[in-house]
Amino acid sequence: MTTVPRITELPNTLTQEIDTYNCLEITRSLRATDSQIFNGYLNYESLYDKRIIDTLGSLVDEVSSILSSNNEGLVVLSGCGTSGRLAYFVSRNFNCMISKLRKRNKKQKQKEEKQEEEEEEEEKDKDFFKYLISGGDSALLKSREGQEDNPQLGVKDLKEITKNAKKVLYIGITCGMSAPYVAGQLLYCSKNENTTPVLMGFNPVSMSRNTKIEGWDYSFKEALSQVQQNCQNLHILNPICGPEPVTGSTRMKSGSITKILLDTLFTAAICKAYNLTPSLNVNHNLMPKMNDLEGNSNKEICLKILLQFESVFRSTYLQSNDLHKVIHLAELALQKDPKNGEKGHVYYIGESNAGIIGLIDASECPPTFGASPESIRCFMPFGWKRMNNQEGDMEQIYPNNPFMKNSLQEFKKSFLPILQSNDLLIFLGTNDQFQKGEIAEFLTHVQKYRIENQLEFKIAGILCYSSTKFPKLIENEQFKWGDDLLLKFAFPSLDMIDNYKTLSYSDFSFKLIVNAITTGAHIRIGTVFRNRMINLKVSNNKLFFRAINIIQQLSNVSFENAKIALLRAIYNLENKKQLEEKQLFDTPVSNHLKVAIQKEKVVPTAIVLSIRPKMPVGQAIELLENERIIRNAIEKLLK
Ligand code: S6P
């Protein structure tokens with residue numbers, strides 16, 4: 001059996017040596033791979049190409065018509081893992097924006113015609129944007145990768161959320177064009193007249209995943225072809241942005257382009273529906289006249305917003321010389337302290353959007369790098385209470401799950417008193433948030449607390465501000481960074497819509513920054529080999545086959561031998577014969593996942609076994625235990 005080389009699963013040639021780079025070089029190579037979001041990849045259609053801009057232009061009409069539809073329509077964003085988290089984040093932000101606009105309109109109306117006051121009151125709580133994440137809201141924080149393999153669950157969740165809607169615009173996000181959860185929903189939408197389906201992903205349609213989905217009649221590719229046959233109004237938004245810097249880690253570029261596309265589309269649609277102006281500070285006189293725009297204002301606005309995002313990308317990486325220092329601090333935190341032999345932690349502290357971006361970044365480290373869920377966490381003032389998620393306070397729903405706790409209050413109570421010398425606190429915020437409010441107060445408190453108690457934990461600050469408003473903070477006498485690291489990221493404007501602070505370009509910048517910090521630090525501590533994640537959790541069908549692919553490529557063995565090594569590592573078996581006796585070779589992948597999910601270092605063990613097929617599993621595990629850096633262990637065997 002051969003695996004189809006989907007672009008999102010290919011190794012990026014720009015990062016082949018990334019595991020040998022220092023922090024500055026890692027930052028530069030992330031800049032190079034991120035630039036493919038805007039520049040495109042090889043000869044494929046990318047963000048600025050005609051079909052993508054045309055599709056965005058038509059969708060602006062669809063979304064703005066739903067926004068003007070008097071509460072009869074819904075926009076549903078759905079995805080798994082990072083795609084689901086971004087679906088939540090984007091829908092939250094645009095619902096906040098709409099609620100602000102409604103308040104503004106209501107005030108205006110009240111001035112004009114007092115009698116309509118009550119009617120407006122009734123509309124208040126309706127959210128136009130809904131989201132679905134496989135596994136529900138707890139998966140926003142604690143990855144539940146296995147849930148994405150279930151197309152029936154996808155349909156059930158979608159039916160439930162759209163049950164009262166007369167018109168639905170459904171956007172299924174699956175970066176790799178592979179998630180069964182989304183495939184089920186797309187097929188369901190294609191049979192529903194009141195639904196317009198949109199598929200967002202970052203492979204050509206011909207490369208969508210073609211492995212039969214367990215317990216279903218189709219592969220993703222087959223389901224998509226059914227959808228194309230069933231409905232004329234399917235939109236496909238799939239600009240190609242090239243392989244990920246760490247192979248298959250779609251939280252990175254694919255996540256960024258997901259956010260860019262959704263933010264662009266919805267900003268343009270809101271501006272159209274509410275007669276607003278997007279903030280456009282890039283000098284668009286430099287923009288060549290695009291004949292393709294055909295005088296279409298939707299497309300022109302989308303294009304201008306995309307260019308604005310590109311300038312944010314540029315401004316963010318202009319700080320590469322400082323960003324790499326934070327990556328280095330995170331690397332030191334995640335290593336064992338030479339003094340006490342303990343590993344430290346990275347704690348993000350951020351308010352509202354910056355905090356949520358930190359939460360999302362932290363949640364991705366266990367499945368991607370096999371990181372322990374304690375090692376990177378994020379806390380925000382009042383935690384879930386300010387997240388505006390659909391299922392409410394997860395800390396109350398799961399009182400016994402320590403990883404559902406995400407409030408700054410909890411951090412002060414349970415984490416601050418036991419901070420170790422190699423722990424790192426990274427404050428994320430805008431100029432306003434660093435000057436006043438909970439984050440500012442806590443920052444001052446924690447700095448004082450550290451001095452008073454003669455502690456050594458580290459503090460870094462990531463501050464995004466609008467360069468048109470000079471940040472007073474930096475000159476503020478009472479606030480001293482001393483030896484702590486403060487990174488300042490300046491942009492012409494943070495607001496995406498003039499006079500509305502709800503939507504901000506700084507979210508994109510924060511995403512690039514925190515992704516660079518955790519990816520860079522994990523590369524530095526040896527959880528990546530060349531540019532392959534080698535300690536991923538084998539927790540869903542896609543990851544099972546990705547694991548086989550990694551084993552194949554690193555040890556240069558056949559698909560069959562790689563699968564044997566993986567199954568031996570999962571079931572702790574000494575040889576192929578035992579696999580055959582237990583008839584494990586042909587049992588459904590979902591059975592293997594149930595066992596694999598409970599285990600540590602399955603893929604590294606399998607790599608060792610595939611390089612040394614005669615080695616007993618116990619010895620392979622021991623070998624990895626003795627060599628802390630997985631990359632080193634594998635390199636020694638390959639010599
Ligand atoms: C990727 C991340 C995963 C994916 C999830 C959905 O870095 O760890 O959680 O987001 O597997 O993938 P996709 O391709 O359907 O968006």
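With contacts defined as alpha carbon pairs under 8 Å and 6 or more residues apart, what's the relative contact order of the chain in percent?
Once divided by the residue count of the chain, the mean separation gives 16 percent.
Specify which residue in the list 634, 440, 367 is farthest towards the positive end of the charge dipole of the chain, using unit charges on the beta carbon of Lys, Arg (+1) and Asp, Glu (-1), about the Cα centre.
Positive-end residue among those listed: 634.
Take residue 152, project a point 7 Å from its Cα along the Cβ direction, then tell me which residues of region 177-192 have their backbone nitrogen under 19 Å from it.
179-189
Scaled to the compact-protein estimate 2.2 N^0.38 Å, what is the alpha-carbon radius of gyration of the chain, rounded to two decimal places?
0.96
Hey, can you rank 326-332, 238-244 by average C-beta count inside 10 Å, highest first?
238-244, 326-332
Once the convex hull of the alpha carbons of region 173-293 is built, what does its volume come to per residue, in cubic angstrom?
So the per-residue Cα hull volume is 159 Å³.
Just name one of 77, 417, 280: the one whose Cα is farthest towards the positive end of the charge dipole of the chain (beta-carbon charges, Lys/Arg +1, Asp/Glu -1).
It is 417, whose Cα lies furthest towards the positive end.
What distance in nm lies between label points placed 7 Å from Cα along the C-beta direction at residue 281 and residue 44?
Each label point is offset 7 Å from its Cα along the Cβ direction, giving 3.2 nm.
Rolling a 1.4 angstrom probe over the protein heavy atoms, how many square angstrom per residue are accessible across the chain?
Heavy-atom accessible area per residue stands at 41 Å².
May I ask you to order 131-142, 306-317, 412-423 by the average number of other C-beta atoms within 10 Å around their residues, highest value first?
Ranking, from highest mean packing down: 131-142, 306-317, 412-423.
Between residue 339 and residue 418, what's the calculated FRET efficiency when r is the beta-carbon distance and R0 is 22 Å? Round to 0.05.
Once rounded, the FRET efficiency stands at 0.85.
How large, in Å, is region 43-187 by the Kirkwood hydrodynamic radius built from its alpha-carbon pairs? Could you put the intermediate results ahead of the total?
Working: mean 1/r = 0.0593 Å⁻¹.
Roughly 16.9 Å, rounded to one decimal.
Over region 412-460, calculate the relative contact order: mean separation of alpha carbon pairs under 8 Å at least 6 apart, over the residue count, as a percent.
It comes to 59 percent, rounded to a whole number.
For region 433-573, give the magnitude of the charge dipole about the Cα centre (Cβ charges: +1 Lys/Arg, -1 Asp/Glu; no others), in debye to the nearest 20.
Working: 18 positive and 12 negative charges, 149 e Å.
Here region 433-573 has a charge dipole of around 720 debye.
Within region 164-215, what whole-number % of the accessible surface is contributed by carbon and sulfur, with the 1.4 Å probe and all protein chains included in the calculation?
49
Can you tell me the dipole magnitude for region 22-150 around its Cα centre, using point charges on the Cβ only (Lys, Arg +1; Asp, Glu -1), in Debye to the nearest 20?
Working: 20 positive and 24 negative charges, 134 e Å.
Magnitude of the dipole: close to 640 debye.
Report, in debye and to the nearest 20, how large the dipole of the chain comes out about its Cα centre when Lys and Arg carry +1 and Asp and Glu carry -1 on their Cβ.
Once rounded to the nearest 20, the dipole reads 1000 debye.
What nm value, rounded to one decimal, do you get for the distance between residue 451 and residue 102 when each label is placed 7 Å out toward the C-beta?
4.7
Roughly what % of Cα-Cα distances in region 523-636 sit above 21 Å, to the whole percent?
27
Quick check: Cα centre of region 607-634 to Cα centre of region 430-461, how many Å?
If you average the Cα positions of each part, the centres end up 43 Å apart.
The values are calculated or read from the model by the stated rules, or taken from the named source; none is laboratory data. This is a predicted model, so every value here is computed, not measured. Counting neighbours? That spans all protein chains shown, and the Cβs are built from the backbone with ideal geometry, glycine included. These accessible areas exclude ligands, DNA and RNA; they are computed on the full protein's heavy atoms, side chains included. Shrake-Rupley method; radii C 1.70, N 1.55, O 1.52, S 1.80 Å.
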